[in-house]
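The values are calculated or read from the model by the stated rules, or taken from the named source; none is laboratory data. As the structure is a prediction and not an experimental result, all values here were calculated from the model. Because the Cβ atoms are built from the backbone with ideal geometry, glycine has one as well, and the counts that use them run over all protein chains shown. These area figures cover heavy atoms from the full protein model, side chains too; ligands, DNA and RNA do not enter into them. Shrake-Rupley method; radii C 1.70, N 1.55, O 1.52, S 1.80 Å.
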Amino acid sequence: MKIGRPLHTLKPYSLHLIPLNYLKPYTIYLTALNVLFCVCLAHARQSSSPEAAHGVALSTDSIKPLQIGDTIPEALWRIPLQMVKAGQGGSTVVTLNDYRGKLIILDFWATWCVPCVKSLKKLDSLQTMLGQDVIVIPTGYESAAKVSNLLKRQHIELPSVYGDTVLKRYFPHQIVPHQVWIKDNKLRVISDADFTNLANIKKVLMGDSIEGDVKNDFLYQQALLQLNNAYGKRLGNAVYYTALTGYVPQMNAVSNIVTDTINKTRRITFINHSLYTLCKNALSLDWLLPNRMRFIGVDKKSAFYDESWGLTIDEWRKQYAVSYEGALIQGIGANELEERLFEDLHTFKGIAVRIEERREHCYLLQRSKHFNKTNIEKGAFMTQKRLLNLLNRQSTIPILDATELEDDALFPKIGVSDVKSLEDFNNVLAPIGLRLKPAKRKLSFLIVEKI
């Protein structure tokens, strides 16, 4: 697997710096903490029981994270793994060695992770389709009861490892779903869920080479500038700048905020985001959804991802993703951050981005005369806020809440994937006592214009 283009080719387009030279107290403080940590760690090891020193603690301490191309250690093949099936009370024990010679796909997941559950369903279908040549092993850290109940509720046949504490040390990650492929005694793939598809699996089974970025969840902990060695070394202790670039290999869409209380700065990082999610999250625009964006001379495909574009999310990110970072003075106001972000997008992306108030057509989500809160809450599935978001993502016309219900009011799940017209929406909403009413209101819009 190719790692993608080298990170040293990622050149930030925008850079504003104020280097500081008073970081010595901070360095001394960190050094002291490091020494204290080592002393405590040594004491803890000396105090441990002889049994722990010769048992599991010794084996897990010696675990070395594996990289693409590494040979799978014999100890890993023999580790007992507790597995549970959908609705199953007890568990079974397997080892990776039971499947040696097959293509093994370890899928690290969690019951609370919506993309994980979606990926599990896809893997469940692939396992049925591919039969004995491939073995998919979902791997979670949660209890047997949680895992079993989720598998049953989602009608997933695949059994899953539960309570994992060892596999995640061989294959460290911070973002799920996280998948690793083992074939011919070697680690072949480290990827997110989008990479795992029938075409790539068939290539590995045939012994063909495959291309893709290696998933690395730990790059985001560094400053975006430090991902580029040349800039990172030269800038050293720079604590005030903004940086703008495109797709960063090896990473999903991640965001991070780090506050430096000594230098009174705050670093915000958004890597591999769409223009839509960058503006929404960096500027805390809770009202912003794709139907509240307007484009002038700009293809909306470049601003947010939609399955109808005919691209996988990975393919879309490589073409259109935006990565942005700002190390800013702590306490900077929302207006200053907005001004800086929009200025950088204007200068280095060639687009003018602004927020405008416009009076436009919209729909009002209202309670109908058949609304009954008691009946609605029976078999509830989603909150009112989530329902409104679902409707807005399907509608090109903004939908506003006029139900006078709390955001956490509960509603049954409804399907809107095939809904196109106002009549369609109202037919779907009628059974839960809601309706859409056309209106015209003054609303905020994010305008994106080519310059």
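Taking every eigenvalue of the Cα gyration tensor of segment 115-219, multiplying by 5 and rooting it, what semi-axes result, largest first, whole Å?
Calculated on Cα positions only, the semi-axes equal 22, 18, 12 Å.
Less than 13 Å Cβ to Cβ from residue 187, Lys/Arg counted +1 and Asp/Glu -1: what total charge do the surrounding residues give?
Once all neighbours under 13 Å are counted, the net charge is +3.
Ignoring ligands, DNA and RNA, what percent of the accessible area of segment 291-419 is carbon or sulfur (1.4 Å)?
Carbon plus sulfur share of accessible area: 46 percent.
In a shell of Cβ-Cβ distance under 12 Å around residue 242, excluding residue 242 itself, what net charge do Lys and Arg (+1) and Asp and Glu (-1) give?
Numbers: positive: 267, 340; negative: 325, 336, 339, 343, 344.
Overall, the nearby charge balance is -3.
Straight-line reach from residue 349: which lysines fall under 24 Å, measuring Cα to Cα and dropping same-chain residues less than 8 apart?
11, 280, 300, 301, 318, 450
Let me understand segment 294-397 better: what is its radius of gyration from the alpha carbons, and its Dmax, in angstrom?
Just the Cα atoms of segment 294-397 yield Rg and Dmax of 19.5, 54 Å.
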